[in-house]
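The values are calculated or read from the model by the stated rules, or taken from the named source; none is laboratory data. What you see is a predicted model; the values in this text were computed from it and never measured. Backbone-built Cβ (ideal geometry, glycine too); neighbour counts: all protein chains shown.
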Amino acid sequence: MSEVRPTEPAATAVPETVARLTDGEWHRLHPASPLLKGGIALIAILGVVIANLRERLIALFLPHYGEGGDPVDYIVNNGYLLQALLVIGGLLVLFIAGFYVSWRMHSFRITDEVVEVRSGILFRTNRKARLDRIQGINVVRPFIARLFGAAKLEISQAGHDANVQLSYLASGATDDLRREILRRASGTRAREAAVSGTAPVQGVLDRRVDEFLAPELDPREAPPESVVNIHLGRLVGSIIFSGSTVFALLLIAGAIVWISTTGEYYALIFVLPSIIGFGSYYVRRFTRSLRYTIAGTPDGVRVGFGLLSTSNETLPPGRIHSVEVSQPLLWRPAGWWQIRVNRASRTSNRGAENQANTTILPVGNRADVTKVLELMLPDFVGPEAVAFIESGLVSKGDDGFTNSPKRAAWLRPFSWKRNGFRIVPGSLVLRKGAVWRRLIIVPQPRLQSVAVSQGPLLRLLRLAAVQLHTVAGPIRAELGAIDQDAALVFFSEVAQVAVRAGHSDTSHRWRAGEEPA
């Protein structure tokens, strides 16, 4: 298989808008930001309250208004029109003034070291994101925000509630702004910004139409050979052959049996809401995954999805702490796999399966898995890596892994032949599972510690368990029921390679040695 690596983009001029936003001075967000961040919801809530309390509000301000009749006719006939208009105008002025002050007090600046945001009217807050600690940059375009030509840029950092959000910016500038922030974070030497020429002037309607019709991934972002898309039939099949579908079918079958045996329809009270919930889950997952793409860029792996509301995030090199390739039993006949990761940060936007953006590949075949692993783990590039991935996913015998001994069959009757570990250049690999196959890969520089444990039963069988500690996430890099002597050797070797990898790691400045574009 040919090597897949993102190509360096040609030198491009920095757009004038981006050059202005990254000059180190304080700037304000999109004028519609207060409305998009809560103003629309506030107006809707006020509308519901007023509609439900209509008669009481009228009686409060118009005590002589009797039951029945139209309040507008009453106001006009009794000469209250001017007062009513003044009240409505005053409320509008208060709303507009509040939105304006909120917008004026919310500003940001981008320097060569940090992205800083300050906000608040009565209680001021100040948040900073160091560029060398960025874990990813997510660009989210909710449907309503897209109508206003706005998008949210979220800078993910390690730690709880450590992210910095720019909500909202002009949609046309967010991708270029993300590219410039990542360029500075990568360690590329500073260069004088080359301001591009004036772009053709377009009308507001034309710009909105172009943004809605634009492809999810700009062809200039990544070479076509590095892009992985989810096949539509595979997406539908993965939804049908899922644990949620099995549970829904069991629920329906249970309700049918109950109704047929008892003649009572009370079970529908519990079943119908569940069916509606499953239906909304399927619709949400399907619409969010319709334009799902994974691509390699010079600044990391880019994951995008969404149809009406879109989201795309770039994960710089070195920000993925562990990778898990898994295959549920129902997917095995079709040869489908899923890839999840552990990250040091969490974005506020939910993924295609409503997860915290830890699923990189919701469903794909073995070729897709190989390509995505090559993008995330460059050490896995080449024919040897492809053979290693193939054997790690499906092999059952001696193929370079140190597997559990035969006596481990007492604890792992089906999977002891697949239960093993291996040290490869740049990564540590654990393989386990016969019914639910799993391949866990931990990059050596991201390892925090390693542990070997042995309980009474493992000690009796001369077995041990090992665990590789990384950041918290859905993946637990642990392996049980392996030979105790092999576990001790693995412990010693892992400690040595992890220290060497940590000293030589330069992923926090992944393009530091390059010439400026």
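Observations on the structure shown:
- Any chance Val115 is over 20 Å from the mean Cα position of the chain (by Cα) and either surrounded by 13 or more Cβ atoms within 10 Å (Cβ to Cβ) or outside any loop (DSSP other than H, G, I, E, B) (or both): yes
- The residue that is nearest to Ala185 (Cα to Cα), among those in region 119-143 that are assigned to a strand (DSSP E or B) and touching a residue at least 40 places away in the same chain (Cβ under 8 Å), is Ile134.
- All told, Ser322 falls short of being surrounded by fewer than 22 Cβ atoms within 10 Å (Cβ to Cβ) and either closer than 17 Å to Lys371 by Cα or of a type in the set (S, T, N, Q) (or both).
- Residues being loosely packed, with under 14 Cβ neighbours inside 10 Å and of a type in the set (S, T, N, Q) - total across region 118-135: 2
- Reported count of residues in region 428-444, each being crowded, with 24+ Cβ neighbours inside 10 Å and either free of Cβ contacts under 8 Å to residues at least 60 places away in the same chain or outside any strand (DSSP E or B) (or both), is 2.
- The test for being in a helix (DSSP H, G or I), assigned by TED's automatic domain parsing to the domain that holds Ala334 and closer than 26 Å to Trp331 by Cα does not hold for Phe421.
- Among residues that are of a type in the set (Val, Ile, Thr) and at pLDDT below 85, Ile137 is not included.
- Remark: Ala387 matches the filter, which requires a residue to be hydrophobic (A, V, I, L, M, F, W, C), at pLDDT below 85 and out of contact with any Ser or Thr (no Cβ under 8 Å at 6 or more places or on another chain).
- In region 106-119 there is at least one residue that is among the small types (Gly, Ala, Ser) and touching a Lys or Arg at 6+ places or on another chain (Cβ under 6 Å).
- Leu447 falls short on exactly one of the conditions (1) surrounded by 16 or more Cβ atoms within 10 Å (Cβ to Cβ); (2) farther than 21 Å from Thr359 by Cα; (3) in contact with a helix residue (DSSP H, G or I) (Cβ under 8 Å, 6 or more places away or on another chain), and that condition is (2).
- Listed conditions (1) surrounded by 16 or more Cβ atoms within 10 Å (Cβ to Cβ); (2) modelled with pLDDT of 75 or more are all met by Ala367, apart from (1).
- Which listed residue is without any contact (Cβ under 8 Å) to a residue 24 or more places away in the chain and in contact with a strand residue (DSSP E or B) (Cβ under 7 Å, 6 or more places away or on another chain), from Ala465, Ala477, Ala487: Ala465
- In this structure, Gln157 does not satisfy being surrounded by 22 or more Cβ atoms within 10 Å (Cβ to Cβ) and farther than 20 Å from Pro31 by Cα.
- Condition met for Ser404 (among the hydroxyl-bearing types (Ser, Thr, Tyr), assigned by TED's automatic domain parsing to the domain that holds Phe388, over 26 Å from Ile320 (Cα atoms) and at pLDDT 90 or above): yes
- Taking region 27-112 as the region of interest, the helices (runs of 4 or more DSSP H) fully inside it that hold 3 or more residues being at pLDDT 75 or above and closer than 23 Å to Phe123 by Cβ are 81-104.
- Any hit, region 263-281, residues being surrounded by 15 or more Cβ atoms within 10 Å (Cβ to Cβ) and either touching a Cys at 6+ places or on another chain (Cβ under 8 Å) or not in a helix (DSSP H, G or I) (or both): no
- Restricting attention to region 275-289, the residues being touching a residue at least 24 places away in the same chain (Cβ under 8 Å) and of a type outside the set (Lys, Arg) number 6.
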